[in-house]
Amino acid sequence: MTHSFRLLVFALVLVASASCSRQITRVSPDQQIDLSGRWNDTDSQLAAQSLTQQVLSQNWIADFEKEFNRKPVVIVGLIYNKSSEHIEADTYIKDIEKSILNDGRVRLVQAGSKREDLRQERADQQDFASKETIKKWGQELGADFILQGDINSIIDSHKKEKVRYYQLNLELTNIETSELVWMGDKKIKKYVNR
């Protein structure tokens, strides 16, 4: 009887562990998967592509090149998350920077902590690098424009239905004059029925 009981317990453990197992499949990073209806990587990529296409297709680039005979220099500033959920703005900012850089119509400079890291490296070189390879202070490329924005959301729900609305706003400002030269937005709306 004890032997049969042990076999029964062992069989139940096997069945229980088999029913709890997960299956994980590698998928393409380009594949659109939306499990929760919340902000995800696809939304970040779509918004970044749309907004950078908008900002780079406007007249401010040609106007600047005509006046100064060079490409404008842009820095991507902060994107504020004003939505009701946690959104990692850094991935969205990186998608924007990548799109701008790959386009090639404007020059892009580092912002935030990356710029501070570069300055620290330059400071370290003053003490530790050879005179032939040392990088000088005061040679940074100054930005002409700063791109800033925010992410907002509105959630409407009733019983098992939910609508998630996101609006991403970007503004491009001339750093020297504070003139607002471009504004754009991308709207994403998701219907979730559970």
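Where a number appears in this text, it was derived from the coordinates with a stated rule and is not lab data. Quantities reported herein were computed from a predicted structural model and do not represent experimental measurements. Note that we place each Cβ from the backbone using ideal geometry, even for glycine, and neighbour counts take in every protein chain shown.
Between K114 and K162, the FRET efficiency estimated from the beta carbon spacing at R0 = 35 angstrom works out to 0.40. Around the amide H of V181, modelled in the peptide plane, lie the amide H atoms of L172, T173, N174, all under 5 Å away and 5 or more residues distant in sequence or on another chain. Looking only at region 165-194, which residues have a backbone nitrogen under 17 Å from a spot 7 Å from the Cα of N40 in the C-beta direction? Only 165-166, 188-194 pass the distance filter. Within the chain, what's the longest stretch lacking GluC sites (Glu not before Pro) that sit in DSSP loops with no more than 14 other Cβ atoms inside 10 Å? By the stated rule (loop sites, at most 14 other Cβ atoms within 10 Å), 1-84.
The computed Rg and Dmax of the Cα atoms in Å for the structure shown corresponds, within (1) 21.4, 71; (2) 25.3, 94; (3) 16.4, 56, to (2).
In this simple spin-label approximation, D127 and L141 carry label points 7 Å from Cα along the Cα→Cβ vector, and these lie 3.0 nm apart.
Only helices enter the 222 nm calculation for the chain: every DSSP H run of n ≥ 4 contributes -39,500 (n - 2.57), and dividing by all residues gives -12500 deg cm²/dmol, rounded to 500. Counting only Cβ charges, +1 for Lys and Arg and -1 for Asp and Glu, the dipole size of region 41-100 around its Cα centre is about 300 debye.
Simple point charges give the picture: +1 on the Cβ of Lys and Arg, -1 on the Cβ of Asp and Glu, and for the chain a dipole about the Cα centre of about 980 debye. Scanning residues 5 or more positions from V76 or on other chains, those with amide H under 5 Å from its amide H are V109, L147, with H placed 1.01 Å from N in the peptide plane. The number of Lys pairs in region 70-142 with C-alpha atoms less than 18 Å apart, excluding pairs fewer than 8 positions apart on the same chain, is 5. Taking the alpha carbon gyration tensor of region 62-122, multiplying each eigenvalue by 5 and rooting it gives semi-axes of 25, 18, 10 Å, largest first. Here the alpha carbons of region 79-194 define both size measures, Rg and Dmax, at 20.0, 70 Å.
Please say if region 96-137 is rounded, prolate or oblate, where rounded means a/c under 1.5 for a ≥ b ≥ c the square roots of the C-alpha gyration tensor eigenvalues, and otherwise the choice is prolate for a/b larger than b/c and oblate otherwise? Here region 96-137 falls in the prolate category. Put a plus charge on the Cβ of each Lys and Arg, a minus charge on the Cβ of each Asp and Glu, and nothing anywhere else: the dipole of region 104-194 about its Cα centre is then about 840 debye. Among the DSSP helices (H) of the chain, those spanning at least 20 angstrom by Cα along their long axis with an average Kyte-Doolittle hydropathy of 1.0 or more are 2-19; this is a geometric and hydropathy rule only. Give me the percent of DSSP beta bridges within the chain that run antiparallel, rounded to the nearest 5. DSSP beta bridges in the chain are roughly 75 percent antiparallel. Mind checking which of S44, L168, I33 is farthest towards the positive end of the chain's charge dipole, using Cβ charges of +1 (Lys, Arg) and -1 (Asp, Glu) about the Cα centre? About the Cα centre, the residue reaching furthest to the positive side is I33.
A simple spin-label model places the labels of Q58 and K94 2.7 nm from each other, with each point 7 Å out along Cα-to-Cβ.
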